[in-house]
Amino acid sequence: MASAPNPSFRPEEARSPPALELPTPPLSKFKVALCQLSVTADKNRNIAHARAAIEKAASEGAKLVLLPEIWNGPYSNDSFPEYAEDIEAGGDAAPSFSMMSEVARSLQVTLVGGSIAERSGNNLYNTCCIFGSDGKLKGKHRKIHLFDIDIPGKITFKESKTLTAGQNPTVVDTDVGRIGIGICYDIRFQELAMLYAARGAHLLCYPGAFNMTTGPLHWELLQRARATDNQLFVATCGPARDTSAGYVAWGHSTLVGPFGEVIATTEHEEATIIAEIDYSLIEQRRQFLPLQHQRRGDLYQLVDVQRLGSH
């Protein structure tokens, strides 16, 4: 005889607005490619190099391709204005954007286009463009949490010197499922990942370029935490390491499954990971650990009642 449900479990009260049910994805199993590209100061070379990597990934059966954060030029405040593109204008004003759109269409792949510096009016953004397999722009994520850190004796970087923070979360329905997008530092903010999960995302994609200080400490940890907390897939893609660059990236692009397991990863050299995503694992894991049915709506509300009542 089944035990009665715990009356304290009121998941519908744990979140407002309520979480959505996980939608049925267009396909349950497919190959994803994480293109850990080397990046130089030559923008035309970087564009051609990225295109060749996408083409090779598609030839190996990838239906979803990820590029790294800031793949079309150096990651630096000096370079962001120089390499920025006007995505709205398109054409010659946005050669990286135009290449991604064209190659997604010609190869019929879904493309999470890493990120490039975007110029819009007087502002610059760190922007990820998501293209459908028809080459059309499905969504555009402007990095919400800018990378402003100062670790004495280790690393100081302030994106806010040149970049403006984005204002909107980005959830996109694609041919390979519902995807939530973050860029690098966005992965540190679990509320964003929780929001994406509550809006029915199957997969979170984070183009990122963690550094040699926080990379070894937090990169894999954060990916596995976001996947475990939300019981979904997390894919990340960084640039290959260049020790001569002003900003040295950690690399280690990775695919994590909904149990927090590392499905595929690589070291710091240039590489493309081809791995399989099987969405049936999400439902399987959520049956084993039915977290979404065990949320204590009463408890979360009670925290505020206690706090307010103590004043």
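The values are calculated or read from the model by the stated rules, or taken from the named source; none is laboratory data. This is a predicted model, so every value here is computed, not measured. No Cβ is skipped: glycine too gets one built from the backbone with ideal geometry, and neighbour counts run over all protein chains shown. In case anyone asks, the SASA skips ligands and DNA or RNA and just uses the protein heavy atoms, side chains included. Shrake-Rupley method; radii C 1.70, N 1.55, O 1.52, S 1.80 Å.
What the table below lists for this structure:
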{"quantity": "In Å², nearest 10: area of Trp219 left accessible to a 1.4 Å probe", "calculated": "10"}
{"quantity": "Using θ = phi - 60° and Karplus 6.51 cos²θ - 1.76 cosθ + 1.60, couplings along region 203-212 (whole Hz; Gly, Pro as x)", "calculated": "9, 10, 10, 10, x, x, 9, 5, 9, 6"}
{"quantity": "Around Thr127: net Lys/Arg minus Asp/Glu count, Cβ-Cβ under 15 Å", "calculated": "-2"}
{"quantity": "Other-chain or far-sequence residues with amide H under 5 Å of Lys138's (modelled H)", "calculated": "Ile130, Phe131, Gly132"}
{"quantity": "Whole-Hz ³J(HN,Hα) from phi, Karplus 6.51 cos²θ - 1.76 cosθ + 1.60, for region 134-144, glycine and proline x", "calculated": "9, x, 7, 6, 8, x, 9, 9, 9, 3, 7"}
{"quantity": "Accessible carbon and sulfur surface of the chain relative to its total accessible area, %, 1.4 Å", "calculated": "51"}
{"quantity": "Residue-span extension gain [Glu102 to Glu191] - 0.36 nm each, minus C-alpha spacing", "calculated": "28.6 nm"}
{"quantity": "Tyr247 accessible area, 1.4 Å probe, all protein chains in place, Å² to nearest 10", "calculated": "30"}
{"quantity": "Cut-off under 5 Å, modelled amide H: who pairs with Ser120 long-range", "calculated": "Tyr125"}
{"quantity": "Interchain or long-range residues, amide H under 5 Å from Gly200's placed H", "calculated": "Leu20"}
{"quantity": "Full-stretch length increase - Glu55, Asp298 - with 0.36 nm per residue and alpha-carbon distance subtracted", "calculated": "82.4 nm"}
{"quantity": "Integer Hz, Karplus 6.51/-1.76/1.60 couplings in order for region 262-274, x for Gly and Pro", "calculated": "6, 7, 7, 7, 8, 8, 9, 6, 4, 6, 10, 8, 10"}
{"quantity": "Using a Förster distance of 25 Å, the FRET efficiency for Arg199-Glu283 (Cβ separation, nearest 0.05)", "calculated": "0.90"}
{"quantity": "Theoretical gain in end-to-end length, Asn122 to Lys29 [0.36 nm per residue, Cα-Cα removed]", "calculated": "29.2 nm"}
{"quantity": "Cα gyration tensor shape for region 214-304, rounded if a/c is under 1.5, else prolate or oblate", "calculated": "oblate"}
